[in-house]
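Below is one structure, written out as structure tokens; the observations come after it.
The values are calculated or read from the model by the stated rules, or taken from the named source; none is laboratory data. Since the structure is predicted, the reported quantities are computational estimates derived from the model, not experimental observations. A quick note on method: Cβ atoms are made from the backbone with ideal geometry, for glycine too, and the neighbour counts reach across all protein chains shown.
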Amino acid sequence: MGKVLSLLIGAVATVIGLILLVVWWYELLIVLRGVVPAILILGGVIAVVAGMSELKDVLKSKEKKEEK
């Protein structure tokens, strides 16, 4: 009975979500306009930090090879 109940709840949640998506379309676009730039900035910062860390690792390995 638990699997059937979870399937039913999932179906109801999906239908309600689709209805609210249609009803609140404009509000969703407003939220996306605010969130997408913030996510891009955060992702860019993470990429820069990861790149710097990888570059430091490469430079350290080159220094170790030169010492040998």
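Quick check: anything in region 11-32 among the polar types (S, T, N, Q), modelled with pLDDT under 95 and in a helix (DSSP H, G or I)? Can you show your working first?
At the first step, the residues of region 11-32 found to be among the polar types (S, T, N, Q) are 14.
From the residues that got through so far, the ones that are modelled with pLDDT under 95 too are none.
Within region 11-32, none of the residues are among the polar types (S, T, N, Q), modelled with pLDDT under 95 and in a helix (DSSP H, G or I).
Here is a yes/no grid of residues against (1) of a type outside the set (A, V, I, L, M, F, W, C); (2) within 24 Å of the chain's Cα centre (by Cα); (3) surrounded by 10 or more Cβ atoms within 10 Å (Cβ to Cβ):
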site	(1), (2), (3)
2	yes, no, no
46	no, yes, yes
50	no, yes, yes
54	yes, yes, yes
62	yes, no, yes
